[in-house]
Amino acid sequence: MTVLAGGVGAAKFLAGLAEVIDPAGLSAVVNVADDTLVHGLHVSPDLDSCMYTMAAVNDSDRGWGLRGETWHAMDHLRRYASANEIQHGDAAGWFSLGDRDLGTHLYRSSRMAEGLTLSEVTAEMTRAWELGCDLLPVSDDDLRTRIHTTDGRELAFQEYFVRERHDVDVSAIEVLGADVATPAPGVIAAIETADVVVVAPSNPVVSIDPVLAVPGVREAVARRRDSVIAVSPIVGGAALKGPADRLLRDLGHEASVVGIAQWYAPLAATLVIDVEDEGHRGAVESKNVSCVVTDTIMRSVDVSADLAAFTISAVLGSGGR
Ligand code: FO1
């Protein structure tokens, strides 16, 4: 199985999937266009969301980072900065890294400074958390989402997401570096050889699109269309978390399961929608996408596992829990 993944929604889905299949047969191709440099450290929020959630060490209330986290290092850093009236240009003032989370970013950054690629370090970390699956950054090249606002600003992704709390009107989005990026080792093979390719219930605009923007990835997924199934991140016309609904509307799309069906129609033959949206089944199918209905709200690992088993069996016709 291969899952195209962004942050929290994908992370929960992957944790459920790892309960119903052997993780050795699981690859996740993960967005890295949210990555940022903070205090000189390489932070990969989506890779870390997937890794921490699959290892069951994530903070599910906060929605990012580690459970039981402390913030002593941040307090220190902010003391130095404020005493010297330093305005950080690199998100340090408003982007928090927990003490334990810092270990992840220190390890990643120091190993990359020693010459390892992001995918090589990610494999080392995945091994350390004993996940048993492959977490593959979509590319080892730098990808950076840039958000253009209707009031003429251009924001880095974390400025948009954390500093502005995604409360801005967006006119366009680009993924810097995508045109010259190459897929990381194993990414295309994972898409080509999977029995099922799942597009996780992640933000289609800022999580999945940057994955597809790496040359060769969208084409590889489209070639597998009959085996590709997307799980809608929109339920009842709203995103369960984050700005997917607002972004879809800002960019001229419908923020509904029908809009999601239209968005993914060239890539996915099937869409999983929530029971709340059952009434839209016909409209989804009018977009040339088969529609299957289940509970998609992942309140617990058990619900995630049921959703994952349902999603696989919708393509393979069997294999439920
Ligand atoms: N989100 C916040 O709202 N505030 C933060 O200070 C913050 C820090 C942070 C540090 C490491 C990390 O892996 C994620 C972090 N996030 C934070 C979440 C992150 O902005 C989002 O999860 C994603 O980029 C959106 O998918």
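The values are calculated or read from the model by the stated rules, or taken from the named source; none is laboratory data. The model shown is predicted, which means the values in this text are computed figures rather than measured ones. Neighbour counts are summed over all protein chains in view; Cβ atoms, including those assigned to glycine, are modelled from backbone coordinates with ideal geometry. We work out accessible area using only protein heavy atoms, side chains counted, and drop any ligands, DNA or RNA first. Shrake-Rupley method; radii C 1.70, N 1.55, O 1.52, S 1.80 Å.
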### Task
Quick one: work out Rg over Rh on the C-alpha atoms of segment 19-102, Rh as Kirkwood radius.
1.06
### Summary
Of the residues PHE13, ILE234, ALA314, the Cα lying farthest along the dipole of the chain towards its positive end, which is defined by charges on the beta carbon of Lys, Arg, Asp and Glu, belongs to ALA314
### Summary
With the label point 7 Å along the Cα-to-beta-carbon line of GLU19 and a cut-off under 14 Å to each amide N, the hits in segment 289-307 are 295-307
### Query
Rounded, prolate or oblate: which one fits segment 242-321, using the alpha carbon gyration tensor with axes a ≥ b ≥ c (rounded when a/c is under 1.5, else prolate when a/b beats b/c, else oblate)?
oblate
### Query
Protein chains only, probe 1.4 Å: how do ARG223, ARG111 rank by accessible area, largest first?
ARG223, ARG111
### Summary
Reported to the nearest 10 Å², ILE191 has, with a 1.4 Å probe, an accessible area equal to 0
### Task
Specify which residue in the list VAL162, VAL199, ALA213 is farthest towards the positive end of the charge dipole of segment 151-245, using unit charges on the beta carbon of Lys, Arg (+1) and Asp, Glu (-1), about the Cα centre.
VAL199
### Highest-MSF residue in the chain out of ALA255, ALA172, ALA81 [GNM, Cα springs under 10 Å]
ALA81
### Query
To the nearest 20 debye, what charge dipole does the chain have about its Cα centre, counting +1 at the Cβ of each Lys and Arg and -1 at the Cβ of each Asp and Glu?
140
### Task
Have a look at the DSSP beta bridges in the chain and tell me what percent are antiparallel, nearest 5.
40
## Note on the structure
Interchain or sequence-distant (5+) residues whose placed amide H lies within less than 5 Å of the amide H of VAL3 are SER27, ALA28, VAL29, VAL198
### Message
In segment 195-321, if the dipole is taken from +1 on Lys/Arg beta carbons and -1 on Asp/Glu beta carbons about the Cα centre, which of VAL293, GLY282, LEU271 is farthest to the positive end?
### Response
LEU271
### Summary
Averaged per residue, the 1.4 Å probe accessible area of the chain, protein heavy atoms only, in Å², is roughly 43
### Summary
In nanometres, the difference between 0.36 nm per residue of separation and the alpha-carbon distance of LEU251 and ALA172 is 27.7 nm
### Dipole magnitude of segment 15-120 about its Cα centre (Cβ charges: Lys, Arg +1; Asp, Glu -1), debye to nearest 20
240
### Query
Given the convex hull over the Cα atoms of segment 184-321, what projected area results after averaging over all orientations, in nm²?
8.2
## Note on the structure
Once all protein chains are kept in place, LYS241 shows an accessible area at probe 1.4 Å, nearest 10 Å², of 130
## Note on the structure
Whole-percent tail of the Cα-Cα distance distribution for the chain, cut at 38 Å, equals 10
#### Entry: Residue-level accessible surface for THR36, protein heavy atoms, 1.4 Å, Å²
30
### Task
Report relative contact order for segment 181-321 in percent, whole number only (criteria: Cα-Cα under 8 Å, sequence separation at least 6).
20
### Query
So, with a 1.4 angstrom probe, what is the percent of accessible area on the chain that is carbon and sulfur?
49
### Query
Full extension from ASP151 to ASP75: what is 0.36 nm times the residue separation minus their Cα-Cα distance, to one decimal in nm?
24.0 nm
### Query
How much length is gained if the chain between GLU276 and ILE297 is pulled fully straight, taking 0.36 nm per residue apart and subtracting their Cα-Cα distance, in nm to one decimal?
6.5 nm
### Query
Taking Cα centroids, how far is segment 1-40 from segment 261-321 in Å?
18
